[in-house]
Structures are given as structure tokens and as C-alpha cells.
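Each value in this text was obtained by applying a stated rule to the coordinates, not by laboratory testing. Predicted model, so just to flag it, every value in this text is computed and none were measured. With ideal geometry, Cβ positions are generated from the backbone for all residues, glycine too; neighbour counts draw on all protein chains shown.
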Amino acid sequence: MSDGPTGPYAQVAVADERLRVALGEALDRAVGHDDPVRHRLLEWVDGIGGDDPEAAIDRAAARQASVLTNHVRYRATVGDRPPAHLRETPVAPFRGTDVPSEVEAALDSLASKLADSPGLSTDVIGARYAEALSADERRARGQFYTPSAVAEAVTEWALEGAGGEAVTDPPRVLDPAAGTGTFPLAALDVLRERHPGSAPDSLLSSLVAVDVDEVALHVAALRLSARMGGRPVEGFDRRPCSFFDLEPGADGAAAVGAASGTIAPVDAVVGNPPFVRAGDLTPDREHFRRHLDAFGRDGDSPYADGDAALSRRSDAYVYFVTHATRFLRPGGRLGMVLPSKWLGSEYGADFRRFLHDQYDVRAVVGFGARAFDALVDTVLLLAERREQPGAVAAGARLDGSARGDVSFVRLEEPLDPSASLAELVGDGPVAGNGGRRREAREAPARVVRRDRSSFATAEKCSPYLRAPADLLPLLDHPAFVPLGELARISRGVTTGANRFFLLDAADRERWGIDPALLRPAVRSIRGVESRTVSADDVALSMVDVHGFLAGRPGCSRDGAQGTDPTARAKAVLREAGHDALVAYVEYAEAEGWHEGRTCRTRPVWFDLGALPTPDAFVPKLLRERVFTVRNRARAVPTNAIDCLSVREGIDPEVLLGVLDSSVCKALMEVWGRNEAGMLQLMTYETRTLPVPDVRRFGADAAASVAAAAARFDADGAGQADLDAAVHAAADLDLQPGRAREMRERLLARRVDGGDRIEVPVS
């Protein structure tokens, strides 16, 4: 809810800021002369991961101000104070301390003003809680707002028959990262509607909410109480702890579980787990992975360290799903809001295999900007726990029913309140592959169905959501293969010390190194407008001693014990008269350039090994330029560039011409990822990019493609001729003009305005 700058909620916002200051000053005074308060503060700051008591006072005051203003919002919404069990503050440093009289008076005044505002919603409770957290806390916790309409739709789907015949009445619902309770609130609404005869306490006790933030769970309880007209909610099972400190308990042991650190089996898991990157899970990544040992038979741990092991590069949300699986009954449903990364990343393939083993994955739902702008890079995972979980043979199809398929649904408009996810994902009436729902009031949606086993084995699943409809058939087209089948794709050289290995003209003149020990090198192709890099375009050289040192005694790890390979290499170079290079090496050592981790791993730190001279360079980041740059200079690239070396028997001009076609450029747009308007293609993504198989081209068709590629210009001249030649050679039904149109629109969406540029998807 919003109002004007002088409206009641604006006044609460102003009061919140003033309360922070007043409460901070009061706590600071108490800490100075009250040992129990000081002890509570130190314990509290240690628990939230801090070490600065002064900063902790500010953080505690911000939370306490949020708690008190939420109590005011509660009073304005319900017409009374919160129940007694919700009046005790969850902010530990303030427990047992009195609210300053001037603060109490200000809160009473605000409550009176808000009471005069009609039609208040319980959604306003906790609306500003995130602002009580520091920016560092919000980033560390990976908190992400979930629109209430999305939470309601996901929860409704998850509770639609969740648990099968084993379901209790009412079913039990777990949110493993509940925050301020958006999903528990949605679950309460669904349960009250579907189980009108159930006692309120029975409904509340069926909700299990876990979060490391005790204050957020307090807000969740306030919201539930307000939604129930001010009823006490002691039965609401809230767990202020790390989800990964909890274990599955016995059925029917819910009451005991709250004290014992266990949770009895649940019928549905819903939520929006934190978006925390793998690198931020350190130093205790094992805290998040330890539960993986529980999967498997006879001590086997397939997902921890076995053949199906989840990548250690997995982000936090992956582990929330895997751990939540342990609490979910067979037949129970999981509905999660997740980042879309797992549909296209390398670690995502491991996660999809886990889902394939443990669930009937029913749908993955993505969003266009018009549907929910805040969720453009987010998807809904809707899955049903298998009755007999465990590894399923790759390629095995369940049967001919809808449960053998995964629906990839892209919403182009917000969900209509009268619609349901069940209809979209195939649990209700829906149009076929690529179709639209026909009901006038419902959101346009594109549905693509794929065999469930291919969901686990596909290189990428993100294009099923992102690709225009005309591109979808090419993802599985028999005439298309991964680019890695036609060319070796690898990273350029990681030197570990570019300032040593790369020399410009001035460096070469200064040091006088023998040109025989230097190779032309390219650090970046940014700004290269031509389709070709020639010798005249290359200004840098790279030190290359590998050929000279190869086979020389003592210049490798295989040398005699006690021999220093670097010292021996310098001696060999001196004996051959390469004193200039030795002087340069010793200058670098005096400067410490050789001390990086990469250099230290080499027997001779300045020997890079055999250097690649690929047929073409592939940029890792593209904006509007052509895809590949021919390497006529036979230059060596650094690791800022990928290498493309055409396999034996394949004409490089034909393959590189194909990669310049509009259809390949359009596929690149949906195969890579948008990084601030730039198209990023990781090495593995370039390797797996589907492209026409040039080995199938007839001789005349291949010659036509090569000729058109020779006429093609980096400015785009000749694009139509090249596209026509490639489409004819690959015998594509897709019209060349349509491929160009799709590529141009996808490019505009990425460069000119994110997802707000319309791209027809069906």
C-alpha cells in the first residue's frame, strides 16, 4: 500500500527513521551500565555474523524500530494490539527492556492516525522490514521479493492433491526460507478455503516456516494473526534457525520435532530460497552439502561424491531444494521460485539430474517483462515427489502420459486471478505444443513440452523458455549438431602474468629478445571490426620458449631430483646465447611477477607449454559484432578469448560462414546470457551451441556457402546472400528473412532495453 508524502504510511516511514535513532541511543546507554544487556548484544551480534558491537547497536535498533512500527500497523489493521505471545520482541538485545516513554507515545499517536485509514490490508505488515537490514545483510542473505500473486498461484498448485493418498487433513506445508511469511500466508488462505471445517489451530499447526532471521518469522506470525482477525498463532510452527540444522523426523511427531530439531514429513514444500552464489557459501560450504550424504543406499552418496554428485559450484538455492526433498512425502509437491541459471549453467545439469531422479518434474514457468518484470530472470519449479525416488536410467521414458513430459511455460501477461497454474502446466485443459490458451481472460502463455529424460540430459533447457517459436525446432533438429563436433573449442592461454608474457613494440626494442622466442599474440578482439585479424593488425608478442626447451634435460618435473627446472632453463638459454631473454626473466623475478598461483604451478614458470594458433577467435562477450574473427595472423590468444580450431576434413570457410549466418546468431542469443546488454558465451556454451552440420552439405552447397561467406562483410553487407546459402545447404524450412528478423529483435531486446523489447515467442 502507498500513499502521499503526508499520508499515514509515509508518517510511519518517517517515524521508523526517528525510532531507529532513539532506540539506538537507549540501547547504547543500557549497554554501558547493564551487563545482561551487553551480554545479550554480544551473543546476538555473534549469532548474526558480526563482530562490531557499535554497528550491532545500529542493526538491532533498526530491527526493533521495524518490530514496533509493525505492531502499529497490526493495531491499525486489526483494531487491537497483537496477542500477548507476539508482543515480546524477537530482537534479543531489547528483550526485557522497556520501550522509552517518548517512543511509546509516538507509536500510540501513529496508531490513532492509521486507525482512521479505511480498508487497510494485512500486506502492509512487514512491508518495510527489508529496510531494517543493512545492504550487506540483504546481499549475503540473497533475499528476493515474491509477488503475492505468484506465491498464491504456486501454493495453490502445490496443495492441489499434494501427498496423494497419504495426505493429512489439512496437509502440512513447509517453507524452508520463509522470511516475512508470504508463502505461509498464501498457504493459510488456500487451506482455509479447501478445509473450511478445520479448526484454526489445526490449520496453523500445519504450517512450518524456517528462517535464520527470527525477526522475519515474528513478522510472518503477525501477518498470519492479522489475517485471522487477531487470533493468537502459537500453533504456527516457526523455526528460527538454519534449515540445514534440521532433520526429517517421524510421521506425527510435529510437536516433539520443534524442540528436537526435526520436522515431520510434509505434503508440500513452497518458497523462494535465497539467491546466494556458490562463492559466498564459504567458508562452511559443507554446512549446505552435508545432507547430501543421506541420499543413496548402503552408505552410497551419489549426490555428494558419487557419479551423480552435485557440483560444488552450485548456488545456495540448489541445496535448499535438495534438502527440502528429504522432508517431502512421496506424492508431495514442490513449488519453488528459483533463479533461471540452473537451466543453462554447467552445475545446473547436475541439479536437473537430481530433480529427474527424485521428482516427476511437471513444469518450469518463466516470465516475460509484461508478466512480472521483477521475475524476468526467475522461474517457477513445479515438481511432484516420486513414489520410488532414485536414479532413473538416462533416456528412460515413463509412459505416454503427461507425467512423462516437462512443460516449459512462458507467461507473457500476469496470471488472471481466475486462472491456475494447473491449467498451464498440463494438469488442466491447455493448448498443445507452442499453443496459446484460448480463454479470453487468461494470460497468453507459450507451452513447450519435452520428454522428462531429455530435461535431465539436455545441454541447456533455458532456450525452451527464451527462444522464439520458430527457433524451437532447431534445438532438436537432426541436421544440427553441437559446434564442438565440428571444431575444437578451448580457452585461450592463461599466462598468470600478462605483464611479463605480452610485449609491445617498446618492450621488444627495450629488451632485444630474439624474435624466434616470440609469437604474435592477441589479448582482446574488442574493437576489431573486421572479420579477419592479419599480421598487420597484431601489435603484441607472447614469450614462447616451449619449443626451445622441449626435451632439454632438467627443464621439466621429470628432471633429476634436486634440480630446479627454472634455473636449468635459464642456464640452457644462456648457453644458446639468449642472454636478453634471461635478463628479462630475472627482471620479472625481481619484480615478483612470477609469484602468482598459475606461474608457480609450472616446472619452468615462464614456459607456457604448447601455444594454440586457432583458425578463429571467439569472443566471450559480444554486443553487435560478428561471431568469429579469422586468425590469419596465426596469433596466440589469451584467456579473454576462446579458440576455434576446425576439425580435420571440414572446410574452415564453410563452417565459419555458417557461424556468421543469422540463424546461428539468433541461436547464440538464446544459448548465451545477457550481461548488462552484452551477450556472454562461456566456453562450454560455445562448445554445445547447436549449428548446421556442415558434413551433411553437398559439394555445390558447401561451395555456395564459402563463396557467400567470402563476400560477406562485417558491416552486414551480403548477409541475405549468406543466409540464403546456409538455409539451402542445411535444407531448413525456416525462411532466411524470418531468421534475420528474429536475430534483430533478440539483439534489440538485449542491447536496447532488456526484455521490454517485444519478441514474438509463439
Checking the a/c ratio against 1.5 first, then a/b against b/c, what shape does the Cα gyration tensor give for segment 154-245? oblate
In the neighbourhood of ALA703 defined by beta carbon distances under 11 Å, the net charge of the other residues (Lys, Arg +1; Asp, Glu -1) is -3
Could you check the spin-label model distance between ASP35 and ASP108? Points 7 Å from the Cα along Cα→Cβ, value in nm. 3.6 nm
Please get the size of the charge dipole for segment 498-600, origin at its Cα centre, with Cβ charges of +1 on Lys and Arg and -1 on Asp and Glu, quoted in debye to the nearest 20. 360 debye
Which value, in debye to the nearest 20, gives the size of the charge dipole of segment 566-630 about its Cα centre, when Lys and Arg are +1 and Asp and Glu are -1 at the Cβ? 360 debye
If you consider only alpha-carbon coordinates, what radius of gyration and Dmax does segment 616-756 have, in Å? 14.7, 44
For peptides 511-524, 487-500, sequence by mean Cβ density within 10 Å, most packed first: 487-500, 511-524
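Given the peptides 598-607, 316-325, arrange them by the average over their residues of other C-beta atoms within 10 Å, most packed first.
Put in order of decreasing packing, that is 316-325, 598-607.
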Computed FRET efficiency, Cβ-Cβ of TYR684 and ASP123, R0 30 Å: what is it to the nearest 0.05? 0.10
Provide ILE125, ILE263 in ascending order of the number of other Cβ atoms located within 10 Å of each residue's Cβ, fewest first. ILE263, ILE125
Provide the packing ranking of 470-478, 528-536, 380-388, i.e. peptides ordered by the mean count of other C-beta atoms within 10 Å per residue, highest first. 380-388, 470-478, 528-536
When the expected Rg is taken as 2.2 N^0.38 Å, what fraction or multiple of it is the alpha-carbon Rg of segment 498-600? 1.22
Projected onto the charge dipole of segment 616-756 (unit charges on the beta-carbon of Lys, Arg, Asp and Glu, signs +1, +1, -1, -1), the Cα from ALA706, ALA616, ALA729 with the largest positive-side position is that of ALA616
